[in-house]
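Engineer: A single structure is presented below for examination.
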Amino acid sequence: MTDAPGAARAAARAILRANDRGGYTVPSARLYPFQWNWDSALVAMGWATCSESRGWQEVETLLAGQWDDGMVPHILFHAPSGDYFPGPAVWGLARLRVPSSGIPQPPVLATAVRRMLERARAPEQAKARAAALYPKLLGNHRWWARARDPERRGLVTTLHPWETGMDNSPAWDIALARVPRETGTPIVRRDLAHVESAMRPALAEYERYIHLVDLFRSLAWEPGRMLRQSPFRVADVGTNAILLRAERDLLALARRFGTAAEGAEIDARSARLAAALEGLFSATEGIYLGRDQVADRPITVATSAGLLPIFAGERAHAGALAERIESWRSAAVPWPVPSSAPGGPGFDPRRYWRGPVWPFVNWMLAQGFAAAGNAALASLLGNATARMIETGGFYEYFDPRDASGLGGENFSWTAAIWLVLAESRP
Ligand code: GLC
């Protein structure tokens, strides 16, 4: 790419280097001092723009923490830090080979691996490293089906807001309110030492998050018991859309590195998931809506997760989704794409997943709309995201009213997404 400011590229690379802890990248130095699952998948793609080998290593280090049953935890605690709560002791998993949390995050890994393989400038290295990763990715996707969709209905179930990666999305408000606030674990908000409280989840949400961790720990992290006993059970559009995209990318990997039987298995899972995801589209809202599986009801709160099926490659409602994005833009809220519908329930333009713009979500949407033939929207999203970062800084998220940077600064996946966007802009 020729037109991106060289200074931004240098700054993005410097952030990745500064957040590199030797084989893995922390999302931000103080706020998130460990390795996070979906952050690392996106960060690997960012590394690959300047060091392919370091990109592969990011994924390899994450998969070194994969559980024997195939689950890839949402946090790996490679080295101790007092800066974050809840640490390994709260999860009760400090004794693992790689201490970790006990829940997953949306599976972006297969997508990252396919992208790095297909864009490789060192194809022999890429082939060898992708081939070695493929069985682990397959094991992970089998875990999702076995642990979170044992009845083979198509959609996987999410048991904790942190699993969705969109922690305090207003889509979870009603389902989360059913979770008791009682917890035997003292809540120590380390995050508030680093970021203003108006930009972070509230205390009541934290108590419920930890109640769920306490419960799952008491169930020894056994998937069947967790699925039966969790008071929070939702079919999240975001997780399911990202999984569908990942299954399709895994299929491409299976064709190179796997067997025909594995290809057929992945194909069958993808078809089931695509059909079930289609069932989440709301014609009246013009967006996909998640499902509260405890109340057995749609979650009628529109968020940016409801647009992500376009990233999965589902094009049937591309027009409606583009209109939805347009309808969320106004003079007061000009920056795309807010994480929840402006004026909708729970919208808060500065608080984390309740309104701010997240650069990597925009990148996913841009990818999806480009593939669906809406080049204009794809470049609008890509350009707006790059501009936001170049003028506001490498922040965690941005205010959709004025693009001011919010949350943590010098953020790894923001840097990575800038580098990835720069690769594909003219
Ligand atoms: C927050 C985000 C989550 C992310 C993590 C590290 O918990 O909600 O999506 O993975 O921070 O950046």
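The values are calculated or read from the model by the stated rules, or taken from the named source; none is laboratory data. A quick note: this is a predicted structure, and the numbers were derived from the prediction, not measured. Positions of Cβ are backbone-derived with ideal geometry, glycine not excepted, and every protein chain shown enters the neighbour counts.
Engineer: I need every pair where a residue in the stretch 27-39 that is over 14 Å from LEU63 (Cβ atoms) has its Cβ under 9 Å from the Cβ of a residue that is near the ligand (Cβ under 6 Å from one of its atoms) and among the aromatic types (Phe, Trp, Tyr), sequence separation at least 6 or different chains.
Structural biologist: Hits for this filter: PRO27/TRP36; ASP39/TYR32.
Engineer: Now for a different question. I'd like to verify a number: residues in the stretch 39-70 that are within 25 Å of PRO223 (Cβ to Cβ) and either of a type in the set (Gly, Ala, Ser) or crowded, with 24+ Cβ neighbours inside 10 Å (or both), how many?
Structural biologist: Qualifying residue count, the stretch 39-70: 8.
Engineer: Of ARG152, ARG129, ARG148, which residue is in contact (Cβ under 8 Å) with a residue 60 or more places away in the chain, of a type outside the set (Gly, Ala, Ser), within 22 Å of ARG208 (Cα to Cα) and in contact with a helix residue (DSSP H, G or I) (Cβ under 9 Å, 6 or more places away or on another chain)?
Structural biologist: Details: ARG152 fails: within 22 Å of ARG208 (Cα to Cα); ARG129 fails: within 22 Å of ARG208 (Cα to Cα).
Residue meeting the stated conditions: ARG148.
Engineer: Turning to a different aspect of this structure: Inspect all residues belonging to the stretch 65-81 and state whether any of them is assigned to a loop (DSSP other than H, G, I, E, B), acidic (Asp, Glu) and at pLDDT below 95.
Structural biologist: Pass one, the stretch 65-81, residues assigned to a loop (DSSP other than H, G, I, E, B): 65-74, 77-81.
Right, trim to acidic (Asp, Glu) and you get 68-69.
Now drop any that are not at pLDDT below 95, which leaves none.
No: zero hits.
Engineer: When ALA94 is evaluated against the numbered criteria (1) within 21 Å of the chain's Cα centre (by Cα); (2) in a loop (DSSP other than H, G, I, E, B); (3) aliphatic (A, V, I, L, M), which criterion, by number, is the only one it fails?
Structural biologist: The failed condition is (1).
Engineer: Pairs only if they're at least six apart or on different chains, beta carbon under 9 angstrom, first in the stretch 159-182 and over 14 Å from ALA302 (Cβ atoms), second of a type in the set (Phe, Trp, Tyr) and not in a helix (DSSP H, G or I); list them, first residue then second.
Structural biologist: That search, which allows pairs on different chains as well, returns LEU159/PHE232; HIS160/PHE232; PRO161/PHE232; GLY165/TRP36; ALA175/PHE232; LEU176/PHE232; ARG178/PHE232; VAL179/PHE232.
Engineer: Only residues that are more than 16 Å from the ligand (Cβ to nearest atom) and either surrounded by fewer than 20 Cβ atoms within 10 Å (Cβ to Cβ) or closer than 19 Å to ARG9 by Cβ (or both): list them for the stretch 379-392, please.
Structural biologist: Of everything in the stretch 379-392, those that are more than 16 Å from the ligand (Cβ to nearest atom) and either surrounded by fewer than 20 Cβ atoms within 10 Å (Cβ to Cβ) or closer than 19 Å to ARG9 by Cβ (or both) turn out to be SER379, LEU380, GLY382, ASN383, ALA384, THR385, ALA386, ARG387, MET388, GLU390, THR391, GLY392.
Engineer: Still on this structure, please answer the following. Can you tell me how many residues in the stretch 90-117 are of a type outside the set (S, T, N, Q) and free of Cβ contacts under 8 Å to residues at least 60 places away in the same chain?
Structural biologist: Selection size over the stretch 90-117: 6.
Engineer: Please work out if PRO345 is at pLDDT below 95, under 21 Å from ASN168 (Cβ atoms), more than 16 Å from the ligand (Cβ to nearest atom) and surrounded by fewer than 18 Cβ atoms within 10 Å (Cβ to Cβ).
Structural biologist: Working: at pLDDT below 95: yes; under 21 Å from ASN168 (Cβ atoms): yes; more than 16 Å from the ligand (Cβ to nearest atom): yes; surrounded by fewer than 18 Cβ atoms within 10 Å (Cβ to Cβ): yes.
Yes.
Engineer: So, one more: Scan the stretch 153-195 for residues that are within 16 Å of the ligand (Cβ to nearest atom), among the small types (Gly, Ala, Ser) and out of contact with any strand residue (DSSP E or B) (no Cβ under 6 Å at 6 or more places or on another chain) and report the count.
Structural biologist: Residues flagged as within 16 Å of the ligand (Cβ to nearest atom), among the small types (Gly, Ala, Ser) and out of contact with any strand residue (DSSP E or B) (no Cβ under 6 Å at 6 or more places or on another chain) within the stretch 153-195 amount to 2.
Engineer: Of all residues in the stretch 1-47, count the ones that are outside any strand (DSSP E or B) and out of contact with any Asp or Glu (no Cβ under 7 Å at 6 or more places or on another chain).
Structural biologist: Within the stretch 1-47, residues that are outside any strand (DSSP E or B) and out of contact with any Asp or Glu (no Cβ under 7 Å at 6 or more places or on another chain) number 29.
Engineer: Could you please find all residues in the stretch 394-423 being closer than 20 Å to SER40 by Cα, surrounded by fewer than 22 Cβ atoms within 10 Å (Cβ to Cβ) and small (Gly, Ala, Ser)?
Structural biologist: Within the stretch 394-423, just ALA422 meets the criteria.
Engineer: Residues that are crowded, with 22+ Cβ neighbours inside 10 Å and polar (S, T, N, Q): list the helices (runs of 4 or more DSSP H) wholly contained in the stretch 133-236 that include at least 1 such residues.
Structural biologist: Per the criteria, 161-164.
Engineer: Restricting to the stretch 33-58, count the residues that are hydrophobic (A, V, I, L, M, F, W, C) and farther than 16 Å from THR164 by Cα.
Structural biologist: Of the stretch 33-58, the ones hydrophobic (A, V, I, L, M, F, W, C) are 34, 36, 38, 41-45, 47-48, 50, 56.
Retained after the next criterion (residues that are farther than 16 Å from THR164 by Cα): 34, 43-45, 47-48, 50, 56.
Here the count works out to 8.
Engineer: How many residues are part of a loop (DSSP other than H, G, I, E, B) and more than 19 Å from the chain's Cα centre (by Cα) if we restrict to the stretch 351-382?
Structural biologist: Residues that pass the stated criteria total 3.
Engineer: Turning to a different aspect of this structure: Would you pick out the residues in the stretch 77-100 that are touching a Leu at 6+ places or on another chain (Cβ under 7 Å) and either within 15 Å of the ligand (Cβ to nearest atom) or within 16 Å of VAL188 (Cβ to Cβ) (or both)?
Structural biologist: Selection gives SER100 alone.
Engineer: In the stretch 6-44, what count of residues is obtained for those that are touching a helix residue (DSSP H, G or I) at 6+ places or on another chain (Cβ under 6 Å) and more than 15 Å from the ligand (Cβ to nearest atom)?
Structural biologist: 3
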